[in-house]
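Everything below concerns the one structure shown next.
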Amino acid sequence: MPTKKAANEYKAESIQVLTGLEPVRKRPGMYIGSTGPAGLHHLVWEVIDNAIDEAMAGYANKIEVEILEDDKVRVSDNGRGIPVEKHPQTKKSTLETVMTMLHAGGKFGGGGYKVSGGLHGVGVSVVNALSLWTEARVARDGKIYAQEYKRGKPQGAVKPVGKSKETGTTIIFQPDPEIFETTTFNLGTILDYARQQAYLTKGVTIKVTDHRDGAVYAFHFEGGISSYIKHLDKNKGFLNEAIFYTEKEVSDITTEIALQYTDSFKENIYTYANNIHTIEGGMHLTGFRSSLTRVINDYAKKFGYLKNGDLALQGEDAREGLTAIISVKLKNPQFEGQTKAKLGNPEVRTVVESVMGEKFAAFLEEHPDDAKRIMEKVFLAAKARMAARAARDSVIKRGILEGITLPGKLADCSEKDPAKSELFIVEGDSAGGSAKQGRDRGFQAILPLRGKILNIEKARLDKMLASQEIKALIIALGTAIGEQMDMSRLRYGRIVIMTDADVDGAHIRTLLLTLFYRHFEELISGGHLYIAQPPLYKISKGKEAHYAYTDADKEEIISELSSKARSKEQGARNKEEQKEKSVLEEIEGEPANETEQVETVDEATKVAGISIQRYKGLGEMNPEQLWETTMNPENRVLFQVNIEDAEKANEIFSILMGDEVMPRKRFIQAHAKSVKNLDI
């Protein structure tokens, strides 16, 4: 148990009330982002964050998250427990005030917390407002107190329900199905968040239990963000065996930095402020980057890597292959936007720059072998950057000169409004020919690719731009690439990857996804990238034709056609029997025997006249079929590509497309059984 230091400082006076709770149910998206799965899980994050705040303040070291039956979640901590005495402003129990009033919490200067993640303070009250049912239990002062709520409204007063020698808070909530599109929690999503918070708060143990299937997980990392770096780089080769780590408090701002150089070409920098992932960076990222570049240049000059008159190394050179985590904790974080995506405190930049500059310079001198490998990597990146710039300028110039004609293989559309046009990236000339003939020329452009493009996970930008296929794609998109990329010049609102439904098609699709993720991530985050779903089978009977996109579709269509055929046969049989029955009645003058023999039909029996065609590639379809099944907006199936978890996406691409063989082998072994109908 942690020491309960100065527990008497966390009293009713620590809680300040700013406004009421009424708007939350009317506009939930303003508080949790959306009412889809992301918003649903945001409820869990709000409650976990409160427990993490207790841990960061030094009052808790155990947090338990439980997924219960009936779509309920229980989050418990062994912190101080929310105060329960009467609040001086609201004249109600402080627990009820925190649970039912927006912006009521110990994070607004009342002395409850030195630092916290809940800047806006909407956390648990919003969870309560958007839940069908909630219960808060507090162990404090030798007693257990409880209060229940329905859709945010108390169902009775806060009252003692037992005794306890422990302290802490437990929140159980059931999301309101009237608010959320789904109320089913995803274990993997919760595990990822719990793991991340355990890395960022070293010494805390976070246990996750899924009572739906009995799964139990626990996370505890004494190494903190150094352990996080090891986790992020587990599928990569690294240059500095000793992970750089520093932690220092300056002017009431605590800075933690960990970094490691890898043999990849992509930088992966994650920034946090009070354990909140600032996905758009901010002042702490700016301070880190400027300091890193300065230290690298100073070291290069000091040890003769840079001669007098040489151009200085640039930031992108210093960051190639870098994995880094910057975590700051401060009293009054100024986040830009409701989603807290960017940190705006200018004083943070100065502190991070100072801490990073002092400590990383010392690290390089103390680890000369690691420093040598890092400098070799940095200078190779600089040479590649200069070569890439020449190649990129050539590609951009070529695109401008070619103007409307663009690459010769591109069949452009007549629509010039990007919001109304779409580009199909098609595998091979055969499929490209069918697509060009079958498309709607008004708004659909076709770019056929010859063979498999370069695996850019293993290549720098200069080598990538030497590929004719990639050049053609960049010119067709119109955005340029790298530091000169401009999304406002995107020529098509939808970019659709359309490949064959076989192993080669999947490989080409993965290569293209790697290219877009590594160099056109804004295109994905803007919702412009899609994957077409061509049919696997054409199932015909007589003049009737159906297309099946999965094996389940195929079985359902065959079953329906079989049922129709049997019904038709049975109808004809019944008609013939009725005719025979009438003849008997006329001859014998009495009703015929009603007993009949029923013929049993095996469901697995093939129905005569059904033909099944398996499409191995898009080129096997004629233009009309390709339009009808895959390109016609009224009939087609498109999957939009998005990035729910950038860290996990980065890991998957490194496994599938990187140089390390063993992680890929383990991935294939783990997922082999889930692959169906593998065509080789």
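The values are calculated or read from the model by the stated rules, or taken from the named source; none is laboratory data. No experiment lies behind these values; they were computed from the predicted model shown. All Cβ positions, glycine included, derive from the backbone under ideal geometry; neighbour counts span all protein chains shown. These accessible areas exclude ligands, DNA and RNA; they are computed on the full protein's heavy atoms, side chains included. Shrake-Rupley method; radii C 1.70, N 1.55, O 1.52, S 1.80 Å.
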Amide H contacts under 5 Å for Y537, restricted to residues at least 5 apart in sequence or on another chain and with H modeled in the peptide plane, are A548, Y615
Over all directions, the average projected area of the alpha-carbon convex hull for the range 178-320 comes to how many nm²? 12.9
Amide H of V250: which non-local residues (sequence gap of 5 or more, or other chain) have their own amide H closer than 5 Å, using H built in the peptide plane? T255
Order these peptides, 182-192, 451-461, 73-83, by their mean beta-carbon neighbour count within 10 angstrom, highest first. 73-83, 451-461, 182-192
Alpha-carbon centroid distance for the pair the range 485-542 / the range 300-370, whole angstrom: 36
List the residues, sorted by chain then number, that are 5 or more residues from G203 or on another chain and whose placed amide H is less than 5 Å from its amide H. F221, E222, G224
For each pair in K150/K342; K86/K165; K409/K538; K62/K153; K554/K616, compute the distance between the two Cα atoms and list the pairs where it is over 27 Å. K150/K342; K409/K538; K62/K153
What list of ³J(HN,Hα) values in whole Hz, one per residue of the range 462-473 in order, does the Karplus curve 6.51 cos²θ - 1.76 cosθ + 1.60 (θ = phi - 60°) give from phi, with Gly and Pro shown as x? 5, 5, 4, 6, 7, 7, 5, 5, 5, 4, 4, 5
Put F639, F363 in order of accessible area, largest first, probe 1.4 Å, and you get F639, F363
Please compare each pair in K230/K372; K331/K359; K266/K463 to a cut-off of 18 Å on the Cα-Cα distance and tell me which ones are over it. K230/K372; K331/K359
Given a Förster distance of 56 Å, the FRET efficiency implied by the Cβ-Cβ spacing of K92 and A419, rounded to the nearest 0.05, works out to 0.60
Restricting to Cα pairs under 8 Å and 6 or more apart, the percent relative contact order of the range 120-229 works out to 19
Compute the distance in nm between two label points, each set 7 Å from the Cα along the Cα-to-Cβ direction, one at R212 and one at K452. 3.7
Relative contact order of the range 181-320, please, whole-number percent, based on alpha carbon pairs below 8 angstrom and at least 6 residues apart. 14
Once both labels are modelled 7 Å past Cα along the beta-carbon direction, what's the A387-S488 spacing in nm? 3.4
Within the range 225-275, what whole-number % of the accessible surface is contributed by carbon and sulfur, with the 1.4 Å probe and all protein chains included in the calculation? 45
Surface per residue (accessible, 1.4 Å probe) for the range 415-455, Å²: 42
Expressed in nanometres to one decimal, the distance between label points 7 Å along Cα→Cβ at K150 and E347 is 4.8
Calculate, for the range 160-266, the solvent-accessible area per residue in square angstrom, rolling a 1.4 angstrom probe over the heavy atoms of the protein chains. 43
Below 8 Å, C-alpha to C-alpha, sequence gap of six or more: please give me the relative contact order for the range 467-546 in percent. 26
Förster-model FRET efficiency, 56 Å R0, S567 and D263, C-beta, rounded to 0.05: 0.30
Multiply the residue gap between F303 and I279 by 0.36 nm, knock off their C-alpha separation, and tell me the result in nm, one decimal place. 5.1 nm
